[in-house]
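Structure first, commentary second.
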Amino acid sequence: MQRLFPALVVVTIAMFAVAPALIVQAPYESTMGLVQKIFYFHVPSWIVMFTSAFVCGGAGLRYLLTGRSAADRVAVAAAELTLVFGTIGLMTGPLWANKAWGVWWQWDAKLTSALVLWLIFASYLLLRRYGGAGSEKLSAVVALFGAVNVPFVYWSANLWRTMHPTTNVLPTLQPGMRGPFWFCALAFLLLYAVLLTARIRLETRRTELDALYLAVED
Amino acid sequence: MEREKGPAVQLLLLAVLMSASLLAQRPSTEPPIVPARNMPPLSQVPPAGTQPQQLEGFVRADQLPQREQLPAAPLVMTAYAVAWAVVLAYVWSIWRRLNRVEREIADVSRRLSPGARS
């Protein structure tokens, strides 16, 4: 992965350089008009957040089962990125809603459950920072709980009556919008891979530093 | 009997004073006359009893008059700026933390090297 990293960075930057041109050329949505263009960053950020929550939960489960510190490092890195991409989704959504719905925020099932998911991963990081020794196992359980919560957030718009569109939007996307959208989604996933690799490296180097400090004390 | 007159007169006076003050505060039943501006000429005023034209159905958001629409461009630009600001701030944060850890590793490694111990 370390050898592929520079190539991954270059491809990601190139994709994000091309993305605005594709977004501008994509057709306008008939009722919302220009503001619908937020969709091309808003939905991919949630796709990445859900992916990251699954990565974090999976790594947490692996750590609980095997006790491997490498899995714990992946879980920490993924939890931080879940929060980063969730922040993008939670901030771009209200900007879109203000124009489309006439309100910044609505306490409906979709928006509230998404906020709760974000708060679960915020609590994971707080637990890691202030939980002290042994917080790795407890936080792994929190990560697992967060990952299990993802399907509820995803299907909440179908299960309950909400202002948010259902999951039917992506399968029925116009051909003109489909290309730019999936291009942006792929760019976001590549960006996630780049950031996750860098963040895991930081965690690995911290572990090495801790080992060095122990060697100095000995 | 003379004793009972005093309070009765006082009550009567109080009632008169309260009535007078209430009358003084009561707003006029006539609406204030305000000079009309941009008023249509009498020939264009619909006759009494006729209703203004009612809307049938909804008006599409993109067909609303300009003053009733929120400008979308600032919202779209803010959304993209926010997304980029969050990503760049995070990249900078990783870079700063990684640099600090690398410096510490170099420092501790120097202390651990055989030359430094002797």
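The values are calculated or read from the model by the stated rules, or taken from the named source; none is laboratory data. This structure is a prediction, so every number in the text was calculated from the model and none was measured. Backbone-built Cβ (ideal geometry, glycine too); neighbour counts: all protein chains shown. Each accessible area value is taken on the protein alone, full model and side chains, heavy atoms only, with ligands, DNA and RNA left out. Shrake-Rupley method; radii C 1.70, N 1.55, O 1.52, S 1.80 Å.
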I'd like to know if the stretch A:1-19 contains one or more residues that are part of a helix (DSSP H, G or I), within 14 Å of chain B (Cβ to nearest Cβ) and free of Cβ contacts under 8 Å to residues at least 12 places away in the same chain. yes
Looking at residue A:178 and the list (1) farther than 30 Å from residue B:71 by Cα; (2) more than 14 Å from chain B (Cβ to nearest Cβ); (3) among the basic types (Lys, Arg); (4) without any contact (Cβ under 8 Å) to a residue 12 or more places away in the chain, which single condition is not satisfied? (1)
Which residue, of A:117, A:214, A:195, A:125, is within 14 Å of chain B (Cβ to nearest Cβ) and surrounded by 19 or more Cβ atoms within 10 Å (Cβ to Cβ)? A:195
Run down A:5, A:85 and say which single residue is open to solvent by less than 40 Å² (accessible area, probe 1.4 Å), of a type in the set (A, V, I, L, M, F, W, C) and either out of contact with any Gly (no Cβ under 6 Å at 6 or more places or on another chain) or farther than 24 Å from residue B:88 by Cβ (or both). A:85
Contact list please: Cβ distance under 9 Å, first residue in the stretch A:158-173 and free of Cβ contacts under 8 Å to residues at least 12 places away in the same chain and more than 17 Å from residue A:96 (Cβ to Cβ), second residue open to solvent by 70 Å² or more (accessible area, probe 1.4 Å) and not in a helix (DSSP H, G or I), pairs at least six apart or on different chains. A:158/A:168
Every pair of residues 6+ apart whose Cβ atoms lie under 9 Å, when the first sits in the stretch A:190-218 and is free of Cβ contacts under 8 Å to residues at least 60 places away in the same chain and over 22 Å from residue A:125 (Cα atoms) while the second is of a type in the set (Gly, Ala, Ser) and surrounded by fewer than 17 Cβ atoms within 10 Å (Cβ to Cβ): A:212/B:109
Condition first: assigned to a helix (DSSP H, G or I) and within 15 Å of residue A:201 (Cα to Cα). Can you find one or more residues in the stretch B:73-88 that meet it? no
Looking at the stretch A:23-82, which of the residues that are part of a loop (DSSP other than H, G, I, E, B) and within 12 Å of residue A:140 (Cβ to Cβ) is most open to solvent (accessible area, probe 1.4 Å)? A:68
Answer from A:84, A:18, A:74 - the residue that is of a type in the set (Val, Ile, Thr) and within 20 Å of residue A:175 (Cβ to Cβ): A:18
Pairs with Cβ under 6 Å, 6+ apart, first in the stretch A:92-104 and surrounded by 16 or more Cβ atoms within 10 Å (Cβ to Cβ) and modelled with pLDDT under 95, second in a helix (DSSP H, G or I) and charged (D, E, K, R): none
